[in-house]
Amino acid sequence: MTERRFTIHLLPEPDGGFTVRVPAFPPVVTYGATYEEALANAREAIEAVIEVYREDGIDIPPDIETHIDTLTIAA
């Protein structure tokens with residue numbers, strides 16, 4: 001089995017913790033109360049989806065690298 005790398009987005013939540021999304025797997029959304037927990041939960045969620053894809057004969061998608069930038073807007 002080969003290793004794959006997947007980009008994840010960690011969004012800090014106002015009440016603490018992080019919501020995690022995975023661009024290559026849009027249905028994957030998870031949460032962790034700490035950064036470390038969010039990473040562990042993301043790993044677990046991605047591994048679960050990959051297992052289902054393999055069982056169903058679905059190709060595992062490539063990573064989607066995203067770009068983050070900022071815009072200054074008068075508000």
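Things worth noting here:
- The long axis of helix 35-56 is offset from the longest Cα principal axis of the chain by roughly 40 degrees.
- For the stretch 16-25, putting each phi into the Karplus relation 6.51 cos²θ - 1.76 cosθ + 1.60 with θ = phi - 60° gives couplings of x, x, 9, 8, 10, 10, 10, x, 6, 10 Hz, in residue order, rounded to whole numbers and with x for Gly and Pro.
- Protein accessible area in the chain, 1.4 Å probe - carbon and sulfur %: 55
- Computed helical MRE - 222 nm, the chain, DSSP H runs ≥ 4 contributing -39500 (n - 2.57), nearest 500: -10000 deg cm²/dmol
- Unit charges at the beta carbon, dipole of the chain: most positive-side option, Gly16, Ile68, Val29: Ile68
- Kirkwood hydrodynamic radius of the chain, Cα pairs, Å: 13.8
- For the chain, the per residue solvent-accessible surface stands at 79 Å², with DNA, RNA and ligands left out and a 1.4 Å probe.
- Formal net charge of residues neighbouring Ile8 (Cβ-Cβ distance under 14 Å; K, R +1; D, E -1): -2
- Amide H contacts of Tyr31: Val20, each under 5 Å away and 5 or more positions distant or on a separate chain (H built 1.01 Å from N in the peptide plane; Pro and chain starts excluded).
- Within the chain, GluC sites (Glu not before Pro) in DSSP loop having at most 14 other beta-carbon neighbours inside 10 Å: Glu3, Glu65
- Counting only protein chain heavy atoms and rolling a 1.4 Å probe, the accessible areas of Thr34, Thr7, Thr72 rank, largest first, as Thr72, Thr34, Thr7.
- Whole-number percent relative contact order across the chain, with pairs defined as alpha carbons under 8 Å at least 6 apart: 26
The values are calculated or read from the model by the stated rules, or taken from the named source; none is laboratory data. This one's a predicted model, so the numbers in the text were calculated from it and none came from an experiment. Don't worry about glycine lacking a Cβ; one is built from the backbone with ideal geometry, like all the others, and counts go over all protein chains shown. Surface accessibility is based on the protein's heavy atoms, side chains included, excluding ligands, DNA and RNA. Shrake-Rupley method; radii C 1.70, N 1.55, O 1.52, S 1.80 Å.
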